[in-house]
Amino acid sequence: MSISFEGRVAIVTGAGNGLGRCHALALARRGARVVVNDLGGARDGSGASSEAALAVVREIEAAGGEALANGANVADYDEVKAMVDAAVARWGRVDILINNAGILRDKSFAKMTLDDFALVIQVHLMGSVNCTKAVWDIMKDQGYGRIVMTSSSSGLYGNFGQANYGAAKTAVVGLMNTLVLEGQKYDIRVNTLAPTAGTRMTEDLIPEELFKLMTPESVTAGLLTLCHEDAPNRFILCCGAGGFASAHIYETEGIYLAPEEQTPENVVARWDELNAAATQRELTAGGQQTEKFLKKAMQHFGIE
Ligand code: NAD
């Protein structure tokens, strides 16, 4: 089986460097026409330059591909909308959106300013929201769309000094969960990538010898599986250094306490039972949790 993006139009945000650059090059190599978006700022989000995006476009064109450089700040909806309009004006559609742009403002929560918290949310979460919003109706109307969110192990599991980043990176998983439900009848599939790679974002955190093992290419191989024709839906794919794994949120079956038993002491007494890993399963809509609990309560009260 070979994966092709022939005839597809893709937007990759933050594609001037690191993972986004690698995603854009790979999509173009496999036939996609690509909008290479990048604000061109520093790792902390300061500054801007069109050079990074232009360099990637030149690379794609030199290899015989088609690309469009774009300097929109993903945190600014009007700029994002203009980017999407430019893609449609040139190629008539948008099939793939890779929400990849990101910055870091790391500090322990005690020292983190609220401005640093808000900016990271603005770029990672609202950037993904803005770009998705701007392509959503286009994808709905054409009955086809592939959207990838970029999360992180920081978001899924936490990381010291990254309260802002971790919150934003979990938020995009929440965004995916609902978009999957709203997009499925239009064949819009939404997945999440949780990468780990040697880029400027991680260059001072990982020893040089190991940094070399964590190539962006090893992550891009996974990214392409999330945005092709037969992509899964609602999948969290973790990739790094040639490793590939899936992440899930599971919920246990839990226990039921009748009204007269509903005390914290009784909950604590059955903690092991409510936390029994053997009973856990993945839910695919919030209502399934309510349904599960109500089923037990209805059974207790003899309600059909
Ligand atoms: P990177 O810094 O090399 O690339 C990020 C790119 O996003 C930069 O080119 C930057 O200019 C661009 N960008 C930043 N803010 C932007 C904005 N407002 N609008 C448009 N472009 C903007 O970092 P990377 O490591 O390639 O990270 C790519 C994505 O992967 C990010 O979302 C990051 O959080 C995520 N991620 C990376 C790692 C890793 O190990 N490198 C781990 C987990 C998650």
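Which numbered condition trips up residue 137, out of (1) without any contact (Cβ under 8 Å) to a residue 40 or more places away in the chain; (2) within 16 Å of the ligand (Cβ to nearest atom)?
(2)
Quick one: residue 235 ticks every box in (1) farther than 21 Å from residue 286 by Cα; (2) among the hydrophobic types (A, V, I, L, M, F, W, C); (3) under 13 Å from the mean Cα position of the chain (by Cα) except a single one, so which number is it?
For residue 235, the failing item is (1).
Does residue 109 satisfy being away from the ligand (no atom under 14 Å from the Cβ), assigned by the TED database to the domain that holds residue 23 and within 20 Å of the chain's Cα centre (by Cα)?
Working: away from the ligand (no atom under 14 Å from the Cβ): yes; assigned by the TED database to the domain that holds residue 23: yes; within 20 Å of the chain's Cα centre (by Cα): no.
Taking the combined requirement at face value, the residue does not satisfy it.
Can you pull out the helices (runs of 4 or more DSSP H) entirely within the stretch 1-97 that have at least 1 residues that are crowded, with 18+ Cβ neighbours inside 10 Å and in contact with a Leu (Cβ under 6 Å, 6 or more places away or on another chain)?
Working: elements: 18-29, 51-62, 77-91.
Because the criterion is at least 1 residues that are crowded, with 18+ Cβ neighbours inside 10 Å and in contact with a Leu (Cβ under 6 Å, 6 or more places away or on another chain), the helices (runs of 4 or more DSSP H) in the stretch 1-97 that meet it are 18-29.
What number goes with the only condition from (1) under 18 Å from residue 176 (Cα atoms); (2) within 12 Å of the ligand (Cβ to nearest atom) that residue 225 does not pass?
With respect to (1) under 18 Å from residue 176 (Cα atoms); (2) within 12 Å of the ligand (Cβ to nearest atom), residue 225 is out only on (2).
So which helices (runs of 4 or more DSSP H) are wholly in the stretch 113-220 and hold at least 1 residues that are modelled with pLDDT under 95 and more than 23 Å from residue 9 (Cα to Cα)? Don't jump to the end; show me each part of the working.
Numbers: elements: 114-121, 127-142, 153-157, 163-183, 208-211.
Result: 208-211.
Across the stretch 230-261, what is the total count of residues that are of a type in the set (D, E, K, R) and assigned to a loop (DSSP other than H, G, I, E, B)? First the steps, then the outcome.
Our first condition is that a residue be of a type in the set (D, E, K, R); within the stretch 230-261, this holds for 230, 234, 251, 253, 260-261.
Then keep just the ones that are assigned to a loop (DSSP other than H, G, I, E, B); that gives 230, 234, 253.
Residues that pass the stated criteria total 3.
Can you pull out the residues in the stretch 177-205 that are more than 9 Å from the chain's Cα centre (by Cα), surrounded by 13 or more Cβ atoms within 10 Å (Cβ to Cβ) and within 8 Å of the ligand (Cβ to nearest atom)?
So in the stretch 177-205, the residues more than 9 Å from the chain's Cα centre (by Cα) come out as 177-189, 195-205.
If we keep only those that are surrounded by 13 or more Cβ atoms within 10 Å (Cβ to Cβ) too, we end up with 177, 179-181, 183-184, 186-189, 195-199, 201-202.
Residues satisfying the conditions are 195, 196, 197, 198, 199, 201, 202.
Against the condition among the aliphatic types (A, V, I, L, M), closer than 22 Å to residue 201 by Cα, in contact (Cβ under 8 Å) with a residue 12 or more places away in the chain and within 15 Å of the ligand (Cβ to nearest atom), how does residue 104 come out, does it pass? So that I can check it myself, show each step before the final result.
Details: among the aliphatic types (A, V, I, L, M): yes; closer than 22 Å to residue 201 by Cα: yes; in contact (Cβ under 8 Å) with a residue 12 or more places away in the chain: yes; within 15 Å of the ligand (Cβ to nearest atom): yes.
Here the answer is yes, as residue 104 does meet what is asked.
More than 12 Å from the chain's Cα centre (by Cα), more than 10 Å from the ligand (Cβ to nearest atom) and without any contact (Cβ under 8 Å) to a residue 24 or more places away in the chain, is that true of residue 174? Even if it seems obvious, please write down each step before you answer.
Numbers: more than 12 Å from the chain's Cα centre (by Cα): no; more than 10 Å from the ligand (Cβ to nearest atom): yes; without any contact (Cβ under 8 Å) to a residue 24 or more places away in the chain: yes.
No, not satisfied.
Within the bounds of the stretch 159-166, is there any residue that is under 11 Å from the mean Cα position of the chain (by Cα) and away from the ligand (no atom under 14 Å from the Cβ)? Give the derivation first.
As a first pass, look at the stretch 159-166 and keep what is under 11 Å from the mean Cα position of the chain (by Cα): none.
No, every residue in the stretch 159-166 fails to be under 11 Å from the mean Cα position of the chain (by Cα) and away from the ligand (no atom under 14 Å from the Cβ).
If we scan the stretch 243-259, do we find a residue that is surrounded by fewer than 12 Cβ atoms within 10 Å (Cβ to Cβ) and over 30 Å from residue 146 (Cβ atoms)?
Looking for residues that are surrounded by fewer than 12 Cβ atoms within 10 Å (Cβ to Cβ) and over 30 Å from residue 146 (Cβ atoms), one finds at least one in the stretch 243-259, hence yes.
The values are calculated or read from the model by the stated rules, or taken from the named source; none is laboratory data. Since the structure is predicted, the reported quantities are computational estimates derived from the model, not experimental observations. Backbone-built Cβ (ideal geometry, glycine too); neighbour counts: all protein chains shown.
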